[in-house]
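Data block below; observations after.
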Amino acid sequence: MATTQETQPTTQPSGPTFQREKHIQYFKRNLQMLPEPMTLGLFAIGGLELLGVLEEAISEANRKAWIEWIYSQQRIPSKDSPSEDDDALYGFGGPFSGLAFQEPTDGQQNLGCECNSHTTPYDTAHLTMTYTALLSLIMLGDDLSRVAKEPILKSLRKLQQPNGCFIPCITDYEPDMRFVYCAAAVSYILNDWSGIDRPALLNFIRESQTYEHGFAQSPRHEAHGGTTYCAIASLGLMGGDAFLDQRTMVRQEGETDSEFEERRARAGFVDLEGTRRWCLQRQTTGFQGRTNKPTDTCYSFWIGGAIAAIGSFDLVNFECNRGFLMETQHKAFGGFGKWVDTYPDVLHSYMGIASLALMGEPGIRPLEPLLNISKRMQERLYNETVFWKK
Amino acid sequence: MESRHGRKKEQAESPEALKTREEKETVLVREYLALKDTLKEIVESNKRDNDALKVTTALLRKSPDYYTIWNVRRTILKEGFLDNASDDETANKIYTGELEFVQENLKLNPKSYWMWNHRRWCLESMSQPRWDKELAMVGKFLEMDARNFHGWDYRRYIIRQLDLKDKEAKDKVLERAQSEFDFTITKIHQNFSNYSAWHNRSTLLGKLAEDMSTEEREAIVDNEFDLVKNAIYTDPEDQSAWLYELWLIGREERSISILGAHVISFHPLEIVVAFDETVKMRNPFTVSTRVDHVAIPLEGEWKATGSDSALGSVWIFQQAPGAVYGPTVEIVIFSDDVCAVRAGSKLPAAVCYELETLNQNLDEISGRLGRLVIGQNLMYDVTKRIGPVTGPDGTLETQAVHPKHRVTSLTESGSLDDRIALLEREISAVRELVELEPDCKWPIQILSTLLSELRKTVSIHSTQAKVIDDECIELQEKLITIDPLRQERYEDRRTQLVFDRETLSIIQDSKRFPEIEYSAKQPTNLDLSMRGLTHIPISSYLLHLHTLNLDSNSITSTRFLRNLLNVRRVNLSNNLIEHLEGMQHAPSLEFLTLENNMIAKWEDVVAGFVFWGEGKLARTGGHVKVLLGNNPVVVNEGGEYVLEKRWEDVGKVGVEIQWQSEELRLAEEALLAAEDETGAVGNMVVDGTRRVSATVVEFDAGLAH
């Protein structure tokens, strides 16, 4: 991923005011809900990070406590008698656990919950939680040294389905694009793609591209903004040929037909131009998530982020998108609602700010669209976490 | 349609109400946390009884998105009940209970993934799942929210399960598709704007049409057009039916045309091939020369003009040093050799050019860099060629003898007339609606698209094409006024249409309709001033021009100049240009007028003259006068100066950039006009003005590559 210098634009766009202070207060209030659920915590922490106040908003004691709390959700193999039966269970889970949590003894670090003979297949980590936990740990300043990488990769291999898609946990019945993204983001953060059958995954993503050229949850369904983001961001994180477009791929000099076909099979887009068009056509003022649906705050990021990922964010009409977001921000409470005149929630608040970040709104840190974290945190991933640090 | 104002505003609460609500919530939270503790005990003690199940029931009622509890519930069900079930009936009763539990909760939270999944777990575990009941159930949910994608996804899932069971009975599968097709019409009649229903309908229609006869297909398609008409008359502002109509009509795949091929230099041999749109080269085009009736490959390299030499509408071949060529050189371009950047375009068949290289009279090459050789291209269908040339797959391509034409997305015909008849019918229907609803953007947009489709079926020089273009331009102008949010998009479309209309003298229909090619006689001057152009849509059209006037438009980029290989003078005054680019292949450019633009930095002027190492300018040198009056760059530097800038870091190239007072400019233009008439090459001398050396421009020679 290309990294750019962090720049803070200094000129305030014309039009309604971005209620930065109110949003900071809104996310702070939401943080008081921690330690659960983890996904909402991520949005609150991520929101404060984008607003540039993460460090001052969280006390050192809280920061450390949350790191410990997150690690306590990690499922790890039994030290004494690791069982193959548990291979699909590793990673991070929700705060509920049937597993016995081992209090760290003095001088020892909290590594999470060991699977044991009482572990049921339902006592499992969840891909979304693993993704959320890793991003939260990075933002809280942890170096990921206690993350059990190999077990997580083992579980990824179990969670990938024959059609290439991922299920979030082994007991679950929801193979869809959301978990493809989680698997890709986890692999990226761990800097190790050995948990993923890449050709199968690429095939799944390509087949999920609809005749409208957006991406659906899985093949044959209707194109959707959230899943389109998941598909495109996954391809971006996979990097290399995954971001190529089959329709416009060019045979290289000296390449035989079968070599060319092999290379085509490594490309993730069936028709990138079509996808770009579908995404751009979702802009009404802000963005709608599917054809002919109402405009909704979160799609300013889901679709906006997808457009940014394919390098075409300059084609978005900033003024209209910003205008819509300024209407959905709550004037009194801070935060953003789904629609105009609706109460804010932490997901829409984060997404609203993330979309503004893509447009370079003053007072918001620049955002890396593929991982959906600030560029500052992306740098931290590269320079300060054990899987990337040189 | 935008409907945010149709939503209920959430009312602010009174302080008393807020207090009561908070108290109630505190109680609820306490209850919930107590239940969670109980469940933790249950799991740890391996309790798998009815009490345990009840705790999960209570918790899930409060928090249906808590996936771990669903998992625990399944453990309890499996280990405590199902594993001990004596027969299928007992098990089925348990599953049925679960289905009822989920259904009741789904009503409160129809977008909860976990509940839909719990249903799937039940049904896939049951010995006799009642998929038909599921279909009825999901039908009810789609009544509550007709666009719930969980509902639609689940519905397709059920159908797939049923189809899998009937793998051997194709009629049953088709019958089911028909019944789903009928379901979409129910949903569409309930609400025409339900795009999920239209979407499902389009996928089902394809499936149903697979085994239909031509007549059946035509009948079903007619029926669809009626349906669309009903919908659009009900609410012409709603986009769903319009989008379905567009899908139904389909867009005719565009043919990439090769406009022509010319020799532009003999030593070394340089050949230019021009396309009517931007293409990527998949395989290098075959270049060969004949020696004793045997075709011998001619070594060399193909590059597109511009900084990205892998992408363009004009491609230049340069022979490798030392390669020898005979009296004729042939170029063969197979349809697989190029792919269009724009979706839906392809080269329909291979093209072969034979270029004469005998007549190398240098006197005929006027000007500094050689005139383009026109009228010496012989175009053949490859099949008619004598002698073997093989494609990448080792075979020669042949053209289809009886091409099939698309009529709609589902039907085709041997005659183009069927397509024309359909388009005309739809055009007249939409026209009626445009008259009824003159300020509604959708019918106007569709009318414009339909007209463009019709335009693809007629000769570009026909009266009908002209009438269509004029109408389409008017439609874009109308759209700009009624839908200002998308103004730039319509302006770009309008620009394309105006450009097509104004460049008719440059192109003609080729023998292979609907492909086009350069006219035999190319105009050397083109006046496109004051046409409201935002850009130059197809710059390869302008390849042969000597003079181009683009004064007073809204052009923002000079990138198109990269394809004006023969241009001498370009007037771009009164546009919106901020920096120069694309001059690297305009070796004959002498005079570039850029007065009253938005160029603010000298670097932005210089950047335009960066050229690729082998470019013409590098070899021959040249002088370009760029007039920059009334640009910020000149105003900032203090007024009435003539600035001279030269750099000689790279080869022999020098570029002169001048800015003069209006008076002097007029004098110079008069001089140039006189020169045109006499054909003399005049030396311009500028007297009576101060010459000022500007700051030296840092020119990075590395940029040359």
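The values are calculated or read from the model by the stated rules, or taken from the named source; none is laboratory data. Keep in mind that this is a model prediction, so the values were computed, not measured. Using ideal geometry, Cβ is built from the backbone for each residue, glycine included, and neighbour counts are taken over all protein chains shown. Each accessible area value is taken on the protein alone, full model and side chains, heavy atoms only, with ligands, DNA and RNA left out. Shrake-Rupley method; radii C 1.70, N 1.55, O 1.52, S 1.80 Å.
It is to be established whether one or more residues within region B:61-68 are within 10 Å of another protein chain (Cβ to nearest Cβ), within 24 Å of B:VAL138 (Cα to Cα) and surrounded by 18 or more Cβ atoms within 10 Å (Cβ to Cβ). Yes - at least one qualifying residue is present in region B:61-68.
Contact map, region B:129-140: residues that are within 12 Å of B:ILE159 (Cα to Cα) paired with residues that are assigned to a helix (DSSP H, G or I) and among the aromatic types (Phe, Trp, Tyr), Cβ distance under 6 Å, separation 6+ or inter-chain. Pairs shown: B:VAL138/B:TYR154.
Scanning region A:238-290 for residues that are within 13 Å of A:ILE310 (Cβ to Cβ), facing chain B (nearest Cβ under 9 Å), open to solvent by less than 30 Å² (accessible area, probe 1.4 Å) and charged (D, E, K, R) yields a count of 1. The set of residues from region B:416-438 being buried (at least 19 other Cβ atoms within 10 Å of the Cβ), out of contact with any strand residue (DSSP E or B) (no Cβ under 8 Å at 6 or more places or on another chain) and charged (D, E, K, R) comprises just one member, B:GLU426. Remark: pairs (first residue in region A:371-390, farther than 17 Å from A:GLY47 by Cβ; second residue acidic (Asp, Glu) and assigned to a loop (DSSP other than H, G, I, E, B); Cβ separation under 9 Å; 6+ apart in sequence or on different chains) = A:GLU379/A:GLU6; A:GLU384/A:ASP143; A:THR385/A:ASP142; A:THR385/A:ASP143; A:VAL386/A:ASP143; A:PHE387/A:ASP192; A:LYS389/A:ASP143. In the condition set (1) part of a helix (DSSP H, G or I); (2) more than 30 Å from B:TYR195 (Cα to Cα), A:VAL250 is compliant with all but (1). B:ILE94 - would you say it is surrounded by 14 or more Cβ atoms within 10 Å (Cβ to Cβ), within 14 Å of chain A (Cβ to nearest Cβ) and modelled with pLDDT of 90 or more? Taking the combined requirement at face value, the residue does not satisfy it. Within region B:166-201, track down each residue that is surrounded by fewer than 19 Cβ atoms within 10 Å (Cβ to Cβ) and under 18 Å from B:GLN239 (Cα atoms). Selection gives B:ILE185, B:HIS189, B:GLN190, B:ASN191.
In summary, A:LYS293 fulfils each of the numbered conditions (1) more than 13 Å from every other protein chain (Cβ to nearest Cβ); (2) crowded, with 18+ Cβ neighbours inside 10 Å with the single exception of condition (1).
I'd like the full set of residues that are within 14 Å of A:ARG251 (Cα to Cα) and in a strand (DSSP E or B), limited to region B:331-351.
Passing the criteria: B:VAL338, B:CYS339, B:ALA340.
For region B:208-226, does any single residue satisfy the condition of being more than 16 Å from B:THR408 (Cα to Cα), of a type in the set (A, V, I, L, M) and out of contact with any Cys (no Cβ under 7 Å at 6 or more places or on another chain)? Looking for residues that are more than 16 Å from B:THR408 (Cα to Cα), of a type in the set (A, V, I, L, M) and out of contact with any Cys (no Cβ under 7 Å at 6 or more places or on another chain), one finds none in region B:208-226, hence no.
The residue pairs whose first member lies in region B:33-45 and is away from every other protein chain (no Cβ under 11 Å) and in contact (Cβ under 8 Å) with a residue 24 or more places away in the chain, whose second member is among the small types (Gly, Ala, Ser) and assigned to a helix (DSSP H, G or I), and whose beta carbons are closer than 8 Å, counting only pairs six or more residues apart or on different chains, are B:LEU35/B:ALA58. The C-beta contact set for region B:155-182 (first residue under 14 Å from B:GLU124 (Cα atoms), second residue in a loop (DSSP other than H, G, I, E, B) and open to solvent by 70 Å² or more (accessible area, probe 1.4 Å), distance under 9 angstrom, 6+ apart or interchain) comprises B:ARG160/A:ARG220.
Of the strands (runs of 3 or more DSSP E) contained entirely in region B:456-566, those carrying at least 2 residues that are surrounded by fewer than 20 Cβ atoms within 10 Å (Cβ to Cβ) and over 23 Å from the mean Cα position of the chain (by Cα) fall at B:507-509, B:525-527, B:547-549.
One residue stands out in region A:345-360 among those that are within 15 Å of the chain's Cα centre (by Cα) and of a type in the set (Ser, Thr, Tyr): the one that is surrounded by the fewest Cβ atoms within 10 Å (Cβ to Cβ), namely A:TYR350.
State the number of residues belonging to region B:101-112 that are within 14 Å of chain A (Cβ to nearest Cβ) and buried (at least 18 other Cβ atoms within 10 Å of the Cβ). The qualifying residues number 2. In region A:166-177, the residue that is farthest from the chain's Cα centre (by Cα) out of those that are surrounded by fewer than 21 Cβ atoms within 10 Å (Cβ to Cβ) and at the interface with chain B (Cβ under 9 Å from one of its Cβ atoms) is A:TYR173. Can you tell me how many residues in region B:275-306 are among the aromatic types (Phe, Trp, Tyr) and touching a helix residue (DSSP H, G or I) at 6+ places or on another chain (Cβ under 9 Å)? Residues that pass the stated criteria total 2.
Picking from residues in region A:361-390 that are among the polar types (S, T, N, Q) and open to solvent by less than 10 Å² (accessible area, probe 1.4 Å), the one that is farthest from the chain's Cα centre (by Cα) is A:THR385. Looking across region A:34-91, just one residue is at pLDDT below 90, open to solvent by less than 40 Å² (accessible area, probe 1.4 Å), farther than 30 Å from A:GLN161 by Cβ and not aromatic (Phe, Trp, Tyr), and that is A:LEU34. When the criteria are applied in full, B:ALA323 meets the requirement of being part of a loop (DSSP other than H, G, I, E, B), of a type in the set (A, V, I, L, M, F, W, C) and surrounded by 14 or more Cβ atoms within 10 Å (Cβ to Cβ). One residue is enough: does region A:307-314 have a residue meeting the conditions within 13 Å of another protein chain (Cβ to nearest Cβ) and open to solvent by 20 Å² or more (accessible area, probe 1.4 Å)? Looking for residues that are within 13 Å of another protein chain (Cβ to nearest Cβ) and open to solvent by 20 Å² or more (accessible area, probe 1.4 Å), one finds at least one in region A:307-314, hence yes. Taking each residue of region B:285-299 that is within 23 Å of B:LEU347 (Cα to Cα) and in the same structural domain as B:TYR325 (by TED's automatic domain parsing) and looking for partners that are outside any strand (DSSP E or B) and among the charged types (D, E, K, R) with beta-carbon atoms closer than 6 Å, six or more apart or interchain, yields B:PHE285/B:ASP337. Those residues that are open to solvent by 60 Å² or more (accessible area, probe 1.4 Å), charged (D, E, K, R) and more than 12 Å from every other protein chain (Cβ to nearest Cβ), I need them from region B:215-250; list them, please. Across region B:215-250, the qualifying residues are B:GLU215, B:GLU216, B:ARG217, B:GLU218, B:ASP222, B:ASP226.
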